[in-house]
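Remarks on the structure that follows.
The values are calculated or read from the model by the stated rules, or taken from the named source; none is laboratory data. Note that the coordinates shown come from a computational prediction; the quantities given were computed from them, not determined experimentally. Reconstructed Cβ throughout: ideal geometry from the backbone, glycine too, with neighbour counts over all protein chains shown.
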Amino acid sequence: MAVNLVFDRIDAFLGRRSYAGIVIICLLLAALIARIDALTGYEISISILFLLPIAISTWYGGRHTGIFFSLLSAALWLIIDDAIFEHPYANVFAPYWNAAVRLCMFLLTGELLHRLKMHLNAERMLARTDDLTGLLNVRGFTEQAEKLFGVSARHNRNITLACVDLDNFRNVNEQSGQKEGDELLRVLGEKISSSLRASDVAGRMGGDEFAILLPETDETGARSMFDAFRAALLQEMQKNNWPVSFSMGVVSCNSPRANLDDAIRIADSLLYKAKTGGKNTDCFASYPPARQ
């Protein structure tokens, strides 16, 4: 348990560092290892510890950064072993052969770590993605939304959350079958993804309910965006002869006290108001409410 706690803290520390920060940390580690190895002499070698900056640079900086530190570490090991220690070899090419073998070991280690990271990232993405629509699932959306609300609170910036519900979706399932309903949701997921900005976040919260988060967006911007958004979704429904419309509850937060739970609660109440008010409409609000 204690070991896991230590590694979790190290991972959290390194995970918050920028790319430049990771490179600097790895350069300092490589320099420290090289210095200690030079001081201890060839009888006590710690050069295998070069795998540490290689592993860190690959995991947090990417494959090419790991390759750079593999080359650097192999070169430092060669310099220490051949130039500083002046270790005698029976063959003049022996130190270069050893350096090549070490480099291959470093590169192989880095490549394995890179592939492991890619595999874990893919598994993590699958666990947070809705299979049918390709949007985030509840877990994935909540994680992303909490991060964006945190950024919004720290920098006192606007953020908008919308809860979207399909009107008359049940009729499609009952009249045309679940397969047609699934196709509708799949097409809708693609249309939502293509209609949003790269910075926006969309998720399927279950059934025919969706959530959309717009960072850096106030109520005025949200109204403009969702007017065009609704028109695009309705056009897609009409093109496929699906008798479905959309009700939306949209809350724009402009207070550092706002959090995801508050936003969901308000957006849900606005959505209920839109559904009971005749459907196929939007209800907007700001949090906190504008002073009269």
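What is the residue count in segment 202-229 for residues that are within 13 Å of Val164 (Cβ to Cβ) and either crowded, with 19+ Cβ neighbours inside 10 Å or in contact with a Ser or Thr (Cβ under 8 Å, 6 or more places away or on another chain) (or both)? Can you show your working first?
First, pick out the residues of segment 202-229 that are within 13 Å of Val164 (Cβ to Cβ): 202-214, 222, 225-226, 229.
Then keep just the ones that are either crowded, with 19+ Cβ neighbours inside 10 Å or in contact with a Ser or Thr (Cβ under 8 Å, 6 or more places away or on another chain) (or both); that gives 202-205, 208, 210-214, 222, 225-226, 229.
Of the residues in segment 202-229, 14 are within 13 Å of Val164 (Cβ to Cβ) and either crowded, with 19+ Cβ neighbours inside 10 Å or in contact with a Ser or Thr (Cβ under 8 Å, 6 or more places away or on another chain) (or both).
Being charged (D, E, K, R), under 25 Å from Arg139 (Cβ atoms) and assigned to a strand (DSSP E or B) is the requirement here; does Arg265 meet it?
Working: charged (D, E, K, R): yes; under 25 Å from Arg139 (Cβ atoms): yes; assigned to a strand (DSSP E or B): no.
Spelling it out, it is not the case that Arg265 is charged (D, E, K, R), under 25 Å from Arg139 (Cβ atoms) and assigned to a strand (DSSP E or B).
Being in a helix (DSSP H, G or I), free of Cβ contacts under 8 Å to residues at least 12 places away in the same chain and either closer than 19 Å to Tyr42 by Cβ or touching a strand residue (DSSP E or B) at 6+ places or on another chain (Cβ under 9 Å) (or both) is the requirement here; does Trp77 meet it?
Criteria not met by Trp77.
Looking for something part of a loop (DSSP other than H, G, I, E, B), surrounded by fewer than 12 Cβ atoms within 10 Å (Cβ to Cβ) and among the charged types (D, E, K, R) - is there at least one such residue anywhere in segment 155-162?
no
For Phe68, are the conditions met, namely being free of Cβ contacts under 8 Å to residues at least 12 places away in the same chain, assigned to a helix (DSSP H, G or I) and among the aromatic types (Phe, Trp, Tyr)? I'd like the intermediate steps shown before the answer.
Numbers: free of Cβ contacts under 8 Å to residues at least 12 places away in the same chain: yes; assigned to a helix (DSSP H, G or I): yes; among the aromatic types (Phe, Trp, Tyr): yes.
Considered against the rule, which asks whether it is free of Cβ contacts under 8 Å to residues at least 12 places away in the same chain, assigned to a helix (DSSP H, G or I) and among the aromatic types (Phe, Trp, Tyr), Phe68 comes out as yes.
For segment 23-39, enumerate the residues that are surrounded by fewer than 13 Cβ atoms within 10 Å (Cβ to Cβ) and either in contact (Cβ under 8 Å) with a residue 40 or more places away in the chain or more than 37 Å from the chain's Cα centre (by Cα) (or both).
Of all residues in segment 23-39, those surrounded by fewer than 13 Cβ atoms within 10 Å (Cβ to Cβ) come to 24, 28, 35, 39.
Result: Arg35, Leu39.
Just to be sure, is Asp8 touching a residue at least 12 places away in the same chain (Cβ under 8 Å) and of a type in the set (Asp, Glu)?
In short, no.
Restricting segment 230-270 to residues that are in contact with a helix residue (DSSP H, G or I) (Cβ under 8 Å, 6 or more places away or on another chain) and polar (S, T, N, Q), which is surrounded by the fewest Cβ atoms within 10 Å (Cβ to Cβ)?
Only one residue tops the list, namely Asn240.
Out of the residues in segment 40-62 meeting the condition of being small (Gly, Ala, Ser) and assigned to a helix (DSSP H, G or I), tell me which one is surrounded by the most Cβ atoms within 10 Å (Cβ to Cβ).
Ser57
Based on what the data block shows, is Lys191 part of a helix (DSSP H, G or I), out of contact with any Ser or Thr (no Cβ under 9 Å at 6 or more places or on another chain) and at pLDDT 90 or above?
On the way: part of a helix (DSSP H, G or I): yes; out of contact with any Ser or Thr (no Cβ under 9 Å at 6 or more places or on another chain): yes; at pLDDT 90 or above: yes.
Criteria met by Lys191.
Considering only residues that are touching a residue at least 12 places away in the same chain (Cβ under 8 Å) and either assigned to a loop (DSSP other than H, G, I, E, B) or touching a Cys at 6+ places or on another chain (Cβ under 6 Å) (or both), which ones fall in segment 92-144?
If the condition is that a residue be touching a residue at least 12 places away in the same chain (Cβ under 8 Å) and either assigned to a loop (DSSP other than H, G, I, E, B) or touching a Cys at 6+ places or on another chain (Cβ under 6 Å) (or both), then Arg128, Asp130, Leu132, Thr133, Gly134, Leu135, Asn137 are the ones that fit.
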